[in-house]
Amino acid sequence: MELLERLSSILAESREEYSKVKKVSFKEQERIGNGSNILAVGDNLEFMRFLADERDMSEKIQFIYIDPPFFSKLNYGSDIKLKYGDKKTIPAIKQLSYSDSWKDGIEAYLRMLCSRLLMMKELLTDDGLICVHLDWHASHYARIFMDAIFGEKNFVNEIVWQYKSGGSSKKRFSRKHDTLLLYSKSKDYKFNTLKEKSYNRGYKPYRFKGVKEYRDEAGWYTMVNMKDVWQIDMVGRTSAERTGYVTQKPESLLTRLIMACTDEGDLCADFFGGSGTMAAAAQKAGRSWIYCDIGVSAALNAQKRLILNESDFTIMFGDVDNGKCAFAAEVEEHVSSTSDNIVDVRISDCRPENLSSVPVGEADMAKIKRIIKDNSLQLLDYWSVDCNYDGILHTPQSFRMRDKAKAQCEEKMLCKKKGDISVRVADIFGNSAIKVLK
Ligand SMILES: C[S@@+](CC[C@H](N)C(=O)[O-])C[C@H]1O[C@@H](n2cnc3c(N)ncnc32)[C@H](O)[C@@H]1O
């Protein structure tokens, strides 16, 4: 049957899926600072059900942004640099970050999206806005479903985000934009008008009565309400905000949306969070945030980025297939310590507990095995130490992160011991584990 004829059945099947979401309890694993925001690792449908049922979050989120897989039929991976052998050799291994290939085709993709949109509607405040970020592959179908779920009358904008990077073809115009669908839940939604420069024709002054004009190096302009076509560069190779996550979006894109759709202190959520761009932008703009991603390596990327951003958040794990990391850690007397309380915590081994679950190809697996034999600490990506472990939740005061350029992570940390010490370690694949060192 033609897809067009199947659309209403897809919506009905998505409603069915939404009404029967598995109940999963998301467990707190690590608290950074006061833990006020949430970084969740797990399937977003289960996580949203958890938020609504266990955290009483229905109608509590002011702005939801999602950048889901686009139905591109591709697998996305990133290169991780590793040193081995003579220590000068730094090969890269290709790690799968997430898959956007759908063996059951577009219907399965649309059901995945729609069941989640229904759940998002439940979490959105009555005056809230939702933004769905897609491209030419599926945005036309998503718009039909958004009309059906949120109501045609609640369509707010179709924003075109135009960029320069990516390939081109001689057989068509270069595809250089994504589509962001903005919908409200009611007609009384919150929206802050943003302004932008509009250059005068010929960059010359108009001198109209009552119109304020400005001038910069390009010429004369007025300030107008922002339009729905945005030219914003992709995150550059050398940009400070680059995390290495394959489909990372620019923070300035998210900042614009957040400033328009929320006020300071409002709660924003991104349920396909990737490298944490929305959370990072929300944090900088003084908003609270919720992040979720099913990929342990995406979540680890976001976690490191948000720690560097000085964010407070709680890390929660759902029923995700999160591999464990096997590691060895010990507490040593600090060499020059004059006080009994100053100790060194040292990591001496770090490897995925189960190599068969590591998302790399055969050739890369051989490199990993060799590295484990040589010096497994090269697989260490992140670790944190809580020197006053309360017996319940790992609440670290100190962190170490892998220096990507040097392909290494410091393996020793000084700490002022106040009680038991807990250590959480993650390897470069996002597998992690916690241990208490007595
Ligand atoms: C396009 S990326 C998001 C990129 C992100 N906006 C950024 O700036 O880094 C899509 C993300 O959705 C995640 N994802 C896919 N299916 C998911 C699901 N069911 N639950 C949670 N996350 C999911 C993938 O792991 C991937 O990281």
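The values are calculated or read from the model by the stated rules, or taken from the named source; none is laboratory data. Since the model is a prediction, treat every value here as computed from it, not as a measurement. In this analysis, Cβ positions are derived from the backbone assuming ideal geometry, glycine residues included, and neighbour counts consider all displayed protein chains. Note: accessible area is taken over every heavy atom of the protein model, side chains too, but ligands, DNA and RNA are not part of it. Shrake-Rupley method; radii C 1.70, N 1.55, O 1.52, S 1.80 Å.
Annotations
- Test: residue in segment 127-135 that is away from the ligand (no atom under 16 Å from the Cβ) and either surrounded by fewer than 21 Cβ atoms within 10 Å (Cβ to Cβ) or small (G, A, S) (or both): yes
- Filtering segment 317-334 to residues that are within 13 Å of the ligand (Cβ to nearest atom) and either buried (at least 19 other Cβ atoms within 10 Å of the Cβ) or outside any loop (DSSP other than H, G, I, E, B) (or both) leaves F317, G318, V320, N322.
- Any hit, segment 342-362, residues being in a strand (DSSP E or B) and within 16 Å of the ligand (Cβ to nearest atom): no
- Of the strands (runs of 3 or more DSSP E) lying entirely inside segment 22-76, those carrying at least 1 residues that are closer than 24 Å to V423 by Cβ and more than 16 Å from the ligand (Cβ to nearest atom) are 27-32, 37-41.
- Which listed residue, of T238, T314, T255, is more than 23 Å from N75 (Cβ to Cβ), of a type in the set (V, I, T) and crowded, with 20+ Cβ neighbours inside 10 Å: T314
- Test: E122 is outside the structural domain of P352 (by TED's automatic domain parsing), over 22 Å from A426 (Cβ atoms) and either among the acidic types (D, E) or modelled with pLDDT under 95 (or both): yes
- Test: residue in segment 183-204 that is within 14 Å of the ligand (Cβ to nearest atom), assigned by TED's automatic domain parsing to the domain that holds M57 and either free of Cβ contacts under 8 Å to residues at least 40 places away in the same chain or of a type in the set (A, V, I, L, M) (or both): no
- Check on D79, modelled with pLDDT under 95 and away from the ligand (no atom under 13 Å from the Cβ): yes
- Looking at E30, E54, just one residue is in contact with a His (Cβ under 6 Å, 6 or more places away or on another chain) and more than 24 Å from L181 (Cα to Cα), and that residue is E30.
- Test: residue in segment 276-284 that is farther than 28 Å from K176 by Cα, of a type in the set (A, V, I, L, M) and in contact (Cβ under 8 Å) with a residue 60 or more places away in the chain: no
- Candidate set: segment 57-82, residues that are farther than 27 Å from V132 by Cα and open to solvent by 40 Å² or more (accessible area, probe 1.4 Å); chosen: the one farthest from the chain's Cα centre (by Cα): K81
- Condition met for S99 (within 16 Å of the ligand (Cβ to nearest atom) and more than 18 Å from the chain's Cα centre (by Cα)): no
- Residue match in segment 264-275 (condition: within 14 Å of the ligand (Cβ to nearest atom) and open to solvent by 30 Å² or more (accessible area, probe 1.4 Å)): yes
- V229 falls short of the stated requirement of being over 28 Å from R287 (Cβ atoms) and exposed (fewer than 14 other Cβ atoms within 10 Å of the Cβ).
- Failed condition for K373, given (1) at pLDDT below 95; (2) open to solvent by 40 Å² or more (accessible area, probe 1.4 Å); (3) not assigned by TED's automatic domain parsing to the domain that holds G419: (3)
- Unmet criterion (only one of (1) open to solvent by less than 20 Å² (accessible area, probe 1.4 Å); (2) under 28 Å from L377 (Cβ atoms)) for T89: (1)
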